[in-house]
Amino acid sequence: MDAEDFKQVRDAVRELVREQVVPREEEIEESDRIPDDLRAQAAAMGLFGYALPEDYGGLGVNMTEDVQLAFEFGYTTPAFRSLFGTNNGIAGQVIAKFGNEAQKKAYLPRLAAGEMIGSFALTEAEAGSDPAGLRTSAVRDGDSWVINGAKRYITNAPLADVFMVFARTDPEERGGRGISSFVVDKSAPGVTVGPHDKKMGQSGAWTSEVYFDDVHVPADALIGEEGRGYSKALTVLSRGRLHIAAMCVGMAQRVLDESVAYAASAKQGGAPIGRFQLVQALIADMHAEWLAGRSMVLAVAERYDSGEDTSIGPSSAKLFCSEMVGRAVDRAVQVHGGMGYLRTTPVERFYRDARLFRLYEGTSEVQRVIIGSGLLREAGMSRG
Ligand SMILES: Cc1cc2nc3c(=O)[nH]c(=O)nc-3n(C[C@H](O)[C@H](O)[C@H](O)COP(=O)(O)OP(=O)(O)OC[C@H]3O[C@@H](n4cnc5c(N)ncnc54)[C@H](O)[C@@H]3O)c2cc1C
């Protein structure tokens, strides 16, 4: 896609988000689902496959473009992006980056068209921050693999048609070695999806547990090399972290805009509260930190695209921006006073929605571990 085409896509996304999705945020919150007509519009615009390769029906954006779209998606309820986020991101990228030709042909065009939803099934009880400890197993049985285990908090699982499942294929190995990835159709006998989880926020985005009981999948369900699934998971998660950082920037911009508008119009003592310098300070801090986050994400995306840094930079951006948006939503509630605590006020909803960003795709602590250990490894420190 050339620069002019991308600009058109970005402008169309901005228009869709601000004119079609923002006015329906309350409806999405109350009904806990994305309306079918919005899903259809997103599919028609190619949003289910914007980050998937053009050869397979996607728009093929690079990371610098991806984050600019995420700035726009972040401006409204994160549930909207979540609907097509796994197709473009953690699930779709496993096939796009590591699948063979047959797997790409079988899945990518349908994921890109929004005819199919893909989910990424890595996390388990006691294997979240340390997914290398996962217990789901895949055992070779002639021409097939038999998968057993349980995954939790799987985004889009209730809607999914296909799962990227990470399972241990070598019980002798410990840690990341001996884990493989498989593409598993939801219709395979033995796959069960639990009821969708009740969450603090991000209403309309669904997660649930997924169980695999003696699920037989053909040998060609294995993605890439046997025993190399863990590094695939880390690769797609790293990309996802930068995308989430950009979502945080978008949300920070939205709550800043809400706060400025409120401060300019809500009155105390007959004049707008925006005349109080302490209110201005809340807004100023939000703006300075939003700008820092935005600049950081763009710089990290450029280095990601050039191959200079695909790990420490994305983790740093995720850490900073998810913490930054946490402060932004808190200040936004403060600017709104009592109104900020009421359910019908957008900033109250964003206050709850933002909390997830510090938890999923690696907690803030895990990002710090990745950054710190990565820098020390680069400096040549041995494991001791
Ligand atoms: C809404 C939602 C959607 C999700 N979607 C998906 C999905 O689509 N696919 C998927 O596979 N997973 C998904 N997840 C899982 C998510 O990635 C994990 O919840 C997250 O990685 C944290 O793991 P955990 O919940 O097991 O917490 P834990 O790992 O138990 O963490 C608990 C606390 O311990 C800290 N901690 C753990 N290890 C360390 C360490 N080494 N050093 C310092 N502190 C540490 C953590 O930072 C945290 O504060 C989702 C989760 C949620 C809530």
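Annotations for the structure displayed:
- Selection of the range 20-61 for residues being free of Cβ contacts under 8 Å to residues at least 60 places away in the same chain and among the basic types (Lys, Arg) yields only Arg24.
- Checked against the criterion of being surrounded by fewer than 20 Cβ atoms within 10 Å (Cβ to Cβ), within 16 Å of Gly89 (Cβ to Cβ) and either at pLDDT below 95 or within 16 Å of the ligand (Cβ to nearest atom) (or both), the candidates Thr207, Thr235 yield just one match: Thr235.
- When restricted to residues that are more than 25 Å from Gln277 (Cβ to Cβ) and small (Gly, Ala, Ser), the range 317-372 contains 6.
- Failed criterion for Asp143 (all others in (1) surrounded by fewer than 17 Cβ atoms within 10 Å (Cβ to Cβ); (2) at pLDDT 95 or above hold): (2)
- Verdict on Asp170 being surrounded by fewer than 18 Cβ atoms within 10 Å (Cβ to Cβ), in the same structural domain as Thr136 (by TED's automatic domain parsing) and either within 16 Å of the ligand (Cβ to nearest atom) or within 20 Å of Asn88 (Cβ to Cβ) (or both): no
- Only listed residue being more than 25 Å from Ser311 (Cβ to Cβ) and outside any strand (DSSP E or B), chosen from Tyr262, Tyr230, Tyr211: Tyr262
- Meeting the requirement of 2 or more residues that are among the hydrophobic types (A, V, I, L, M, F, W, C) and near the ligand (Cβ under 8 Å from one of its atoms), the strands (runs of 3 or more DSSP E) wholly within the range 82-160 are 118-121.
- Screening Gly114 against (1) surrounded by fewer than 20 Cβ atoms within 10 Å (Cβ to Cβ); (2) within 29 Å of Gly57 (Cα to Cα); (3) small (Gly, Ala, Ser) leaves a single unmet condition, (1).
- Scanning the range 325-366 for residues that are closer than 23 Å to Thr155 by Cβ and among the basic types (Lys, Arg), we see that the one that is farthest from the ligand (Cβ to nearest atom) is Arg349.
The values are calculated or read from the model by the stated rules, or taken from the named source; none is laboratory data. Here the structure is a predicted model, which is why all the values come from computation and not from measurement. Heads up, the Cβs are rebuilt from the backbone with ideal geometry, glycines too, and the neighbour counts pull from every protein chain shown.
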